[in-house]
Amino acid sequence: MTSILVTSACNMQCPHCCRGESGTAFMSMPTFRKAIEFANDTEEGSLVLSGGEPTLHPKFMDMVGYT
């Protein structure tokens, strides 16, 4: 399984989370495309978009569509 951390942003404030203050960094689409190309080369079979809360990424649906 390949896991790509697409953002550090999170709005959940889960008490068990070890991340603390998460910030609002978002992976760029060019970087995401490179990560997907690398993942395709490894033939892992499954992909997880993660990070803080990945659905907060403004390009989340574009990322899902690209995969």
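Nothing in this text is a laboratory measurement; each read-out follows from the coordinates by a stated rule. Keep in mind that what you see is a predicted model, and the values were worked out from it rather than measured. In this analysis, Cβ positions are derived from the backbone assuming ideal geometry, glycine residues included, and neighbour counts consider all displayed protein chains.
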Most exposed first by the Cβ proxy, i.e. fewest other Cβ within 10 Å, how do SER3, SER46 rank?
-> SER46, SER3
With a Förster radius of 30 Å, plug the Cβ-Cβ distance of THR42 and ASP62 into 1/(1 + (r/R0)^6) and report the FRET value to the nearest 0.05.
-> 0.85
Per the helix-only model, the chain has a calculated mean residue ellipticity at 222 nm (DSSP H runs of ≥4, -39500 (n - 2.57) each, divided over all residues, rounded to the nearest 500) of -9500 deg cm²/dmol
Work out the P(r) tail for the chain: percent of alpha carbon pairs separated by more than 20 Å, whole number.
-> 29 percent
Relative exposure of HIS16, HIS57, judged by other C-beta atoms within 10 Å (fewest first) = HIS16, HIS57
